[in-house]
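Peer 1: Sharing a structure, written as structure tokens. Questions coming.
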Amino acid sequence: MEPMPQIPMLSYDVVVIGGGPAGMAAAAKAKELGLNVLLLDENDYLGGILPQCIHPGFGIHYFKEELTGPEFAARLAKRMIENGVEYRTSARVLEIRNYSDLEKVVIFTSPSGVYQVWAKAIIYAAGARERHAFEIGIVGDRVAGIYTAGEAQTLMDIYGVLPGKEIVIVGSGDVGLIMARRFALEGAKVKAVVELMPYPGGLARNVMILRDFNIPLYLGHRVVEVRGKGRVQRVKIVKVDENLNEVPGSEFWIEADTLVISAGLIPSVKKLKKIGVEIDPSTGGPVVNDRLETSVPGIFVAGNSLLINDLVDYVAEQGELAAEGAKEFIEKGGIESRKWVKVEKGANVRLVAPHYLSGDRDLYLYLRVSRPMENVEVRIPETGKKVRLPVVKPAEMVRVKLRAEEIRKAQERLTVEVVGA
Amino acid sequence: MRKTYCFTCIVCPLGCAIEVELEDGKVVGVTGHTCPRGEEWAIQEVTNPKRIVMSVVPVEGGALPTVSVRTAEPVPKEKIAELMKFLTGLRLKAPIKIGQVVAEWEGIKIVATRGA
Ligand SMILES: Cc1cc2nc3c(=O)[nH]c(=O)nc-3n(C[C@H](O)[C@H](O)[C@H](O)COP(=O)(O)OP(=O)(O)OC[C@H]3O[C@@H](n4cnc5c(N)ncnc54)[C@H](O)[C@@H]3O)c2cc1C
Ligand code: SF4
């Protein structure tokens, strides 16, 4: 396909798609490495989801200080802008085209029109999307008052609008719990947090919020139905057994005017799929090598588009890693490796990334377990690696450092497993 | 009167299940902790729990309609509702710099966490 000649054309070494922490860290780093960078974000402000995450808990590793989301975002934005990175907000990327390894085109719209940008490499950091009510099998009336956690958070913490007065929250992950606190602080009544699994999904420090505000937590329960005229009036909840099947006769209703769905995030990768990027079904993000390069050469990915991160510190780290990858790719015309070692999932490992390791450099493996366990070891038998951990939970990502020489001990593949110590 | 509080320690990832026993409002026993840091935290948690408080305040003339704020230090838990009422009444005008002290309530500084 020919590029469209009638629309203005820009040219950069790297285009970064997404101005959240992943994108901003990537752009800042790429610029520091001497690349000519353009960052694009469809929001009218930088920071991605951080400006709406006004609670503390960000940046303990990256900035060695506990910051709120907006503060974390502001620091990254400052670094990026002071470095001289060019960026555009209100710039929505419509399409990515891959003509050849060092010839890519990004097409975006902005208030001043449509543009196409030629780039040698692309760093894709478009974040994630939230799962919505239908996806988790909630049926009933189509009424106002159903929000995803992110929508409710944007309303409340960017626009200053309280989304409802009597609220039921689906999901006890950190996002659901943090939203419960925000609603309660702002004077809404949180009538229940409903969690499908038999254990809470969030960190202990966030579960504490429920005690602070006397919010009932229903573990092993599911919201199945919403009823109302015009607006949510009540929601139906049922108990589930160990196999997550509904227990007959266990249903009850809670009166509420608002239902907030906090049922997890999914990497937003539609535009990558379109150009044939291979996706890992367990992370929902692309299959990547240890430079965070996808299966399409020169397209790198970082942050929640790669896999869902619980700590923004890791997101920023991934952004920088992708920038280093872009630098190598542009300089050498590709990412080199003598051979790639494939990473396999072993016992109690639900997902792991990166997927292919070169053994040329140290790196972090990011992984999540399927079920909670105490006193465990993360083991990689092929390399002899063992890391002891007091607890692992599905909600908390585990990050393991692997040294190049350790990786080189593995032949074709290495297996990551989490087993009792 | 004897009262027992059970909770998960949040000081480190180990998450010990701590029990604190109170007799007429006085701590008479702490069990379940693995280290002194956890014990100290648990005692503070039953005798004088404190929290950082965050909210948003309407702002006139800024890029966004609100500015986010937090307390510069943790606030006693029982005072949080009162503090929130104070914050609800607050109105700010742009320009506001991130980190700027935008108000003070009972000696506690309220700091802007976004610019406006
Ligand atoms: C409620 C909540 C609480 C959290 N609490 C914590 C916490 O306490 N501590 C912590 O460390 N982490 C926390 N996190 C996690 C952390 O915020 C995220 O992991 C991180 O922000 C993800 O960053 P990102 O850059 O990958 O994505 P995002 O921040 O989502 O940024 C993606 C950006 O891409 C842009 N974009 C998408 N598509 C396009 C397109 N087509 N064109 C142009 N731009 C596009 C979007 O507008 C967005 O700005 C929390 C997350 C949530 C939701
Ligand atoms: S008691 Fe000590 S070891 Fe246990 S969770 Fe608390 S801080 Fe960690």
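The values are calculated or read from the model by the stated rules, or taken from the named source; none is laboratory data. Please read all numbers here as calculations on a predicted model, not as lab measurements. Methodologically, a virtual Cβ is constructed for each residue, glycine included, from the backbone with ideal geometry; neighbour enumeration extends over all protein chains shown. Note: areas computed on protein heavy atoms with side chains; ligands, DNA, RNA excluded. Shrake-Rupley method; radii C 1.70, N 1.55, O 1.52, S 1.80 Å.
Peer 1: Between A:E331 and A:W253, what is 0.36 nm times their sequence separation minus the Cα-Cα distance? Round to one decimal in nm.
Peer 2: Working: separation 78, 0.36 × 78 = 28.08 nm, distance 6.17 nm.
Full extension of this stretch gives 21.9 nm more.
Peer 1: Taking trypsin sites (Lys or Arg not before Pro) as candidate sites, keep only those in a DSSP loop with at most 16 other Cβ atoms within 10 Å, then name the longest stretch of chain A containing none of them. Don't skip to the end; give the middle numbers.
Peer 2: Working: sites that count: A:K64, A:R142, A:K165, A:R338, A:K339, A:R350, A:R361, A:R403, A:K409.
It works out to A:166-337.
Peer 1: Ok, one more. So how much slack lies between A:S11 and A:N36, counting 0.36 nm per residue of separation and subtracting their Cα-Cα distance, in nm?
Peer 2: 8.1 nm
Peer 1: Can you tell me the dipole magnitude for the protein assembly as shown around its Cα centre, using point charges on the Cβ only (Lys, Arg +1; Asp, Glu -1), in Debye to the nearest 20? Numbers along the way, then the final one.
Peer 2: Values: 69 positive and 67 negative charges, 66 e Å.
Dipole magnitude for the protein assembly as shown comes out near 320 debye.
Peer 1: B:Q100 to A:R227: FRET efficiency via 1/(1 + (r/R0)^6), r the Cβ-Cβ distance, R0 41 Å, to the nearest 0.05?
Peer 2: On the way: r = 46 Å, r/R0 = 1.13.
So the FRET efficiency works out to roughly 0.30.
Peer 1: Using DSSP to call loops (not H, G, I, E or B), can you name the GluC sites (Glu not before Pro) in region A:30-77 whose Cβ has at most 13 other Cβ atoms within 10 angstrom? Display every interim value, and only then the final one.
Peer 2: On the way: sites: A:E32, A:E42, A:E65, A:E66, A:E71; in loops: A:E42, A:E65, A:E66.
Within region A:30-77, the qualifying GluC sites (Glu not before Pro) (loop, at most 13 other Cβ atoms within 10 Å) are A:E65, A:E66.
Peer 1: PRE reach from A:K78 (point 7 Å along Cα→Cβ): which of region B:87-107 fall under 18 Å by backbone N?
Peer 2: B:95-102
Peer 1: On a straight-distance basis, which lysines could pair with A:K78 in a cross-link, Cα separation under 24 angstrom, same-chain partners fewer than 8 positions away excluded?
Peer 2: Cross-link targets: A:K29, A:K31, A:K64, A:K327, B:K93, B:K97.
Peer 1: Rounded to the nearest percent, how much of the accessible area of region B:2-47 (1.4 Å probe, protein heavy atoms only) is carbon and sulfur?
Peer 2: On the way: 1480 of 2830 Å².
The value for region B:2-47 is 52 percent carbon and sulfur by accessible area.
Peer 1: To the nearest hundred square angstrom, how large is the accessible surface buried between B and A, total for both chains, probe 1.4 angstrom? Spell out each step's value before the answer.
Peer 2: Working: alone 7420 and 18460 Å², together 23770 Å².
Summing both chains' loss of accessible area gives about 2100 Å².
Peer 1: Quick check for you: which residues of region A:305-343 have the amide N under 14 Å from the point 7 Å beyond the Cα of A:R129 toward its beta carbon?
Peer 2: A:305
Peer 1: Assuming R0 = 60 Å, what is the FRET efficiency of A:R211 and A:K409, from their Cβ-Cβ distance, to the nearest 0.05?
Peer 2: On the way: r = 47 Å, r/R0 = 0.79.
Calculated value: 0.80.
Peer 1: Shifting gears a bit: Can you list, largest first and rounded to whole Å, the semi-axes you get for the protein assembly as shown by taking the square root of 5 times each eigenvalue of its Cα gyration tensor? Write out the running numbers ahead of the final one.
Peer 2: Working: eigenvalues 298, 175, 116 Å².
Ellipsoid half-lengths, sorted descending, are 39, 30, 24 Å.
Peer 1: If R0 is 60 Å, what FRET efficiency do you get for A:E278 and B:Y5 from their C-beta distance, rounded to 0.05? Don't skip to the answer; put the middle values down first.
Peer 2: Working: r = 51 Å, r/R0 = 0.85.
Calculated value: 0.70.
Peer 1: Contour minus end-to-end for A:T109 and A:V391, with contour as 0.36 nm per residue of separation and end-to-end as the Cα-Cα distance? Let's see the in-between values first.
Peer 2: Working: separation 282, 0.36 × 282 = 101.52 nm, distance 4.64 nm.
In short, 96.9 nm is gained.
Peer 1: Could you name the aspartates and glutamates whose alpha carbon sits less than 15 Å from that of A:K386, not counting residues in the same chain fewer than 8 places away?
Peer 2: Counting by Cα, and skipping residues close in sequence, A:K386 has these aspartates and glutamates nearby: A:E377, A:E405, A:E406, A:E417.
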